[in-house]
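K.L.:
Below is one structure. I have some questions about it.
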Amino acid sequence: MTAVDQIRIRVAVPADIPKLRELIDASVRGLQPGFYTQAQIDGALASVYGVDTQLIADGTYFIAEPHSQDGSVPEVAGCGGWSKRKTLYGGDQFAGREDSLLDPSRDAAKIRAFFVSPRWTRRGIGTLILDACEQAAIAAGFTRLEMGATLSGVAFYEARGYAKLESLEVALDGGVQLPIVRMAKTVTRS
């Protein structure tokens with residue numbers, strides 16, 4: 001049995017928010033050094049990265065968790081979602097949010113807020129969550145997907161068929177800039 005066989009993907013609920021906050025912090029601090037400076041990491045955690053409760057309310061945010069054999073509360077191995085709203089990136093604390101609905105016939109669904117625990121990297125967690133997001137967006141009528149990818153995620157998304165569209169700079173406090181890459185993919189219904 002592989003690690004992916006032992007993972008359950010489920011829709012996040014409000015009770016998951018404390019675990020998601022811990023995961024996001026651990027993921028960013030553990031996986032983004034080497035791509036971003038400490039000032040960028042701290043600034044992004046304070047003003048961009050974070051839980052997006054609108055995704056949870058919409059039922060479009062997923063959690064990957066290992067099966068618990070002993071009945072204990074499972075840890076969160078990863079999380080990520082998709083959105084039918086215009087916001088490209090950013091948690092609740094991000095000022096540049098735009099929550100109006102997208103039109104699947106002309107707009108691209110947004111792939112959002114992917115974070116994997118440093119303990120669970122390179123085990124297929126991101127792929128499982130991305131597959132769930134893509135299938136849900138397709139089922140909702142979307143044929144195009146886009147995201148604002150962190151530099152640490154670009155290679156993963158390229159391997160999954162996403163193309164770089166443009167480089168963006170997200171303004172953080174203190175004049176610090178966070179480079180991200182807008183990426184997109186066209187999908188078809190099966």
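The values are calculated or read from the model by the stated rules, or taken from the named source; none is laboratory data. Worth saying up front: this structure is predicted, and the values here are computed from it rather than measured. A quick note on method: Cβ atoms are made from the backbone with ideal geometry, for glycine too, and the neighbour counts reach across all protein chains shown. Remember, those area values only see protein heavy atoms, side chains included, never the ligands or the DNA or RNA. Shrake-Rupley method; radii C 1.70, N 1.55, O 1.52, S 1.80 Å.
K.L.:
Does Trp120 satisfy the condition of being over 13 Å from the mean Cα position of the chain (by Cα) and aromatic (Phe, Trp, Tyr)? So that I can check it myself, show each step before the final result.
P.N.:
Numbers: over 13 Å from the mean Cα position of the chain (by Cα): yes; aromatic (Phe, Trp, Tyr): yes.
So Trp120 fits the description; yes.
K.L.:
Given the conditions (1) outside any strand (DSSP E or B); (2) β-branched (Val, Ile, Thr); (3) farther than 30 Å from Gln6 by Cβ, report the number of the one that Thr127 does not fulfil.
P.N.:
Condition (3) is where Thr127 drops out.
K.L.:
Tell me, which residue of segment 27-68 that is of a type in the set (Ser, Thr, Tyr) and assigned to a loop (DSSP other than H, G, I, E, B) is farthest from Ala139 (Cα to Cα)?
P.N.:
Step one: list which residues in segment 27-68 are of a type in the set (Ser, Thr, Tyr), which gives 27, 36-37, 47, 49, 53, 60-61, 68.
When the remaining residues are screened for being assigned to a loop (DSSP other than H, G, I, E, B), the result is 37, 49, 60, 68.
Working: Thr37: 39, Tyr49: 27, Thr60: 12, Ser68: 30 Å.
By that ranking, first place goes to Thr37.
K.L.:
Of all residues in segment 81-109, count the ones that are of a type in the set (Ser, Thr, Tyr), modelled with pLDDT under 95 and crowded, with 16+ Cβ neighbours inside 10 Å.
P.N.:
The total comes to 2.
K.L.:
Search segment 11-68 for residues being crowded, with 17+ Cβ neighbours inside 10 Å and free of Cβ contacts under 8 Å to residues at least 40 places away in the same chain, and hand back the single one that is farthest from Ser117 (Cα to Cα).
P.N.:
The qualifying residue farthest from Ser117 (Cα to Cα) is Asp58.
K.L.:
What number of residues within segment 131-166 satisfy the criterion of being open to solvent by less than 60 Å² (accessible area, probe 1.4 Å), in a helix (DSSP H, G or I) and of a type in the set (A, V, I, L, M, F, W, C)?
P.N.:
So the answer is 6.
K.L.:
Can you say whether Leu128 is over 21 Å from Gln40 (Cβ atoms), in contact (Cβ under 8 Å) with a residue 24 or more places away in the chain, of a type in the set (A, V, I, L, M) and open to solvent by 30 Å² or more (accessible area, probe 1.4 Å), as far as the supplied structure shows?
P.N.:
Numbers: over 21 Å from Gln40 (Cβ atoms): yes; in contact (Cβ under 8 Å) with a residue 24 or more places away in the chain: yes; of a type in the set (A, V, I, L, M): yes; open to solvent by 30 Å² or more (accessible area, probe 1.4 Å): yes.
Yes; evaluated as a whole, the condition is true for this residue.
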